[in-house]
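The values are calculated or read from the model by the stated rules, or taken from the named source; none is laboratory data. Keep in mind the model is a prediction, meaning the values are calculated, not measured. Neighbour counts run over all protein chains shown; Cβ positions are idealised from the backbone, glycine included.
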Amino acid sequence: MGVTSPFNTTRLDHVAIVVTDVARAVAFYREVLCLTEIARPPSFDFPGAWFRLGPAAGGQTLHLLGMDESEGRGRRHFCMMVDDLRAAETHITSKGLEVLWNTKHKIAGIDRFFVYDPDGNRVELQGAELS
């Protein structure tokens, strides 16, 4: 605050996470979180996959980085805003996954929960406060 910057950030472009089994992770992000897989640049000669987050035009991306070892569970995460949080919960639990509601640190007007991918990466889903 009050610091002059020589440049401005215009948007978050992408989030990258480590996965140990790219095919398993692709299935999770496509089938459980309903993301659309997009092509990676041909110069990326290492295992991985990309997904679109948000609208096609100007949307951000999620990059899966195939590695030999998981980084394990932790507090680090990325968050996706959804239009129907209860529908997201119902869909995710129908896939046999646990959702962990966060009510301890309330954000006014927002409700949210977390789900873990197969490698222990924590994903937060937020939506309008549920009544």
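Would you be able to say whether some residue in segment 74-83 is of a type in the set (Val, Ile, Thr) and either surrounded by fewer than 15 Cβ atoms within 10 Å (Cβ to Cβ) or in a loop (DSSP other than H, G, I, E, B) (or both)? Scanning segment 74-83, I find at least one residue that is of a type in the set (Val, Ile, Thr) and either surrounded by fewer than 15 Cβ atoms within 10 Å (Cβ to Cβ) or in a loop (DSSP other than H, G, I, E, B) (or both), so the answer is yes. Restricting attention to segment 74-97, the residues that are within 14 Å of the chain's Cα centre (by Cα) and modelled with pLDDT of 90 or more total 8.
Close Cβ contacts (under 9 Å, 6 or more residues apart or on different chains) running from residues in segment 89-116 that are within 16 Å of residue 28 (Cβ to Cβ) to residues that are assigned to a loop (DSSP other than H, G, I, E, B) and basic (Lys, Arg) comprise 116/73. Here residue 112 passes the criteria (1) surrounded by fewer than 16 Cβ atoms within 10 Å (Cβ to Cβ); (2) among the charged types (D, E, K, R); (3) assigned to a strand (DSSP E or B) except the one numbered (1). Of all residues in segment 88-131, those that are polar (S, T, N, Q) and under 18 Å from residue 34 (Cβ atoms) total 5. Just for segment 84-109: of the residues that are at negative phi and small (Gly, Ala, Ser), which one is surrounded by the most Cβ atoms within 10 Å (Cβ to Cβ)? Per the stated criteria, the residue is 88.
Counting residues in segment 85-102 that are charged (D, E, K, R), in a loop (DSSP other than H, G, I, E, B) and closer than 23 Å to residue 14 by Cβ gives zero. For the structure I just gave you, tell me whether residue 71 is acidic (Asp, Glu), part of a loop (DSSP other than H, G, I, E, B), out of contact with any Cys (no Cβ under 9 Å at 6 or more places or on another chain) and modelled with pLDDT of 95 or more. No; evaluated as a whole, the condition is false for this residue. Restricting segment 1-39 to residues that are of a type in the set (Asp, Glu) and part of a loop (DSSP other than H, G, I, E, B), the residue that is surrounded by the fewest Cβ atoms within 10 Å (Cβ to Cβ) is 13.
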